[in-house]
Amino acid sequence: MAGNSQRRNRRTSNKKGATVGSGGQRRRGLEGKGPTPPASMRKGHKKNRVAAAQARRTESRRPAPRRGGPKGTNELVVGRNSVVEALREGVPANTLYVQQFLDNDERVREALQLATEKGLNLMEAPRPELDRMTNGLNHQGLVLSVPPYDYAHPEDLTAIAADNAEDPLIVALDGITDPRNLGAVVRSVSAFGGHGVVVPERRAAGMTASAWKTSAGTAARTPVARATNMTRMLEAYQKEGLMVVGLAADGDVELHELEALEGPVVIVVGSEGKGLSRLVGETCDFRVRIPMPGGAESLNAGVAAGVVLYEAARRRA
């Protein structure tokens, strides 16, 4: 009896108690994981390594991302004539503000038609609100909002030239404060096959609505880059193999003698009054003068840049 009782106790003690279920994990573990990914997507596979290397090479050939610095605030074009001219010239705008109960003359009708064709936002606002927006300027019931320009980085311009298998042809502006001069230079760069314009980040003209209008639409296809420090930017271009040519009335070389225009070059144009700044002038590989038999002391920055760009295009043809 005692032996039978011990055997029953052993059997009872060997029984498992209540256990927690798997929650279906074992069943899900038996389910399929979908189709096998291609070899080029499987980490560690030879084809995956080849695809990754090709992607890196493609990325290295792309222009550098635009890093022109933080964007500013929207610019406002004020007044009926100015608004209509900006819309005609393709200045990139996002919103046209129209005063409530405005007299509908020919300029207002044209502004509304152009804004509608371009898909701009149309906002109606009371006169006090427009007065506040424009700080009391004579807006005549029309205000056009222009977003900040998306500046390129100076490295973008040489990358564009490399993508086109061309020697870089770049214009840098040193001390140019009139946006109309900047627009004229952009137009000349576009006309003579240049790759872009560089301006200083501070104390210089930027791509305002006025610059856009003067460029006659060419600013849409000719990048403008912004440099934090013009001297360091020129030195960086020199390390890439570009010759830096500064325009100066007392230059050592005449334009027609300059063979550097046939290769990679950045042309530096100073202000009409002061010319090149000291550090920029010392950084230039050449200081070039434009012969002027008529006796003029200097040329407008846009005109001077156009003359040199024409000579560069003629030599490269």
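The values are calculated or read from the model by the stated rules, or taken from the named source; none is laboratory data. Computed from a predicted model, the values in this text were never measured in an experiment. In this analysis, Cβ positions are derived from the backbone assuming ideal geometry, glycine residues included, and neighbour counts consider all displayed protein chains. Note: accessible area is taken over every heavy atom of the protein model, side chains too, but ligands, DNA and RNA are not part of it. Shrake-Rupley method; radii C 1.70, N 1.55, O 1.52, S 1.80 Å.
Does THR158 satisfy the condition of being buried (at least 16 other Cβ atoms within 10 Å of the Cβ), among the hydroxyl-bearing types (Ser, Thr, Tyr) and out of contact with any Lys or Arg (no Cβ under 8 Å at 6 or more places or on another chain)? Let's see the steps before the verdict.
On the way: buried (at least 16 other Cβ atoms within 10 Å of the Cβ): yes; among the hydroxyl-bearing types (Ser, Thr, Tyr): yes; out of contact with any Lys or Arg (no Cβ under 8 Å at 6 or more places or on another chain): yes.
Judged against the criteria, THR158 is a match.
What are the residues in segment 182-203 that are surrounded by fewer than 20 Cβ atoms within 10 Å (Cβ to Cβ) and not charged (D, E, K, R), if any?
Within segment 182-203, ALA191, PHE192, GLY193 meet the criteria.
Only one residue in GLU257, GLU262 is touching a helix residue (DSSP H, G or I) at 6+ places or on another chain (Cβ under 6 Å) and either over 22 Å from SER188 (Cα atoms) or open to solvent by 70 Å² or more (accessible area, probe 1.4 Å) (or both), so which one is that? I'd like the intermediate steps shown before the answer.
Details: GLU257 fails: touching a helix residue (DSSP H, G or I) at 6+ places or on another chain (Cβ under 6 Å).
Result: GLU262 is the single residue among GLU257, GLU262 that is touching a helix residue (DSSP H, G or I) at 6+ places or on another chain (Cβ under 6 Å) and either over 22 Å from SER188 (Cα atoms) or open to solvent by 70 Å² or more (accessible area, probe 1.4 Å) (or both).
So how many residues does segment 219-247 have that are charged (D, E, K, R), open to solvent by 50 Å² or more (accessible area, probe 1.4 Å) and outside any helix (DSSP H, G or I)?
Within segment 219-247, the first condition is being charged (D, E, K, R), and the residues that meet it are 221, 226, 232, 235, 239-240.
Then keep just the ones that are open to solvent by 50 Å² or more (accessible area, probe 1.4 Å); that gives 221, 232, 235, 239-240.
Those left that are additionally outside any helix (DSSP H, G or I): 221, 240.
Looking only at that region, the number is 2.
Suppose the filter is free of Cβ contacts under 8 Å to residues at least 40 places away in the same chain and basic (Lys, Arg); does ARG226 pass it? Working first, answer last.
Details: free of Cβ contacts under 8 Å to residues at least 40 places away in the same chain: no; basic (Lys, Arg): yes.
Criteria not met by ARG226.
Show the residue pairs that are 6+ apart or on different chains and have beta-carbon atoms under 7 Å apart, the first residue being within segment 89-107 and at negative phi, the second being at pLDDT below 90 and open to solvent by 50 Å² or more (accessible area, probe 1.4 Å).
As it stands, the answer is GLU89/LYS213; VAL91/LYS213, since those pairs meet every condition given.
Considering only residues of segment 99-142 that are touching a helix residue (DSSP H, G or I) at 6+ places or on another chain (Cβ under 7 Å) and hydrophobic (A, V, I, L, M, F, W, C), which is farthest from LEU76 (Cα to Cα)?
Only one residue tops the list, namely LEU102.
Out of PRO128, PRO147, I need the residue that is without any contact (Cβ under 8 Å) to a residue 24 or more places away in the chain and not small (Gly, Ala, Ser). Which one?
On the way: PRO147 fails: without any contact (Cβ under 8 Å) to a residue 24 or more places away in the chain.
From the options PRO128, PRO147, the qualifying one is PRO128.
Hey, can you tell me all the residues within segment 204-218 that are at positive phi and open to solvent by less than 40 Å² (accessible area, probe 1.4 Å)? Spell out the reasoning first.
Here is the first cut: in segment 204-218, the ones at positive phi are 216-217.
Within segment 204-218, GLY217 is the sole residue that qualifies.
Restricting to segment 173-201, name every residue that is assigned to a loop (DSSP other than H, G, I, E, B), within 19 Å of the chain's Cα centre (by Cα) and within 21 Å of SER277 (Cα to Cα). Give the steps one after another, and end with the answer.
Taking segment 173-201 and keeping what is assigned to a loop (DSSP other than H, G, I, E, B), we get 175-178, 192-195, 201.
Right, trim to within 19 Å of the chain's Cα centre (by Cα) and you get 193-195, 201.
Matches in segment 173-201: GLU201 only.
Which one of these does SER82 not meet: (1) open to solvent by less than 70 Å² (accessible area, probe 1.4 Å); (2) within 21 Å of the chain's Cα centre (by Cα); (3) modelled with pLDDT of 65 or more?
(2)
Restricted to segment 248-279, and to residues that are in a strand (DSSP E or B) and aliphatic (A, V, I, L, M), which residue is farthest from THR158 (Cα to Cα)?
Here is the first cut: in segment 248-279, the residues in a strand (DSSP E or B) are 253-254, 265-271, 275.
Okay, now just the ones that are also aliphatic (A, V, I, L, M), so 253, 265-269.
Values: VAL253: 25, VAL265: 10, VAL266: 10, ILE267: 14, VAL268: 16, VAL269: 19 Å.
Applying the filter and picking the extreme gives VAL253.
Return the total of residues in segment 103-124 being crowded, with 16+ Cβ neighbours inside 10 Å and either out of contact with any Lys or Arg (no Cβ under 6 Å at 6 or more places or on another chain) or polar (S, T, N, Q) (or both). Can you show your working first?
Quick first cut of segment 103-124, residues crowded, with 16+ Cβ neighbours inside 10 Å only: 107-108, 111-112, 114-115, 120.
So of that shortlist, the ones also either out of contact with any Lys or Arg (no Cβ under 6 Å at 6 or more places or on another chain) or polar (S, T, N, Q) (or both) come out as 108, 111-112, 114-115, 120.
Of the residues in that region, 6 qualify.
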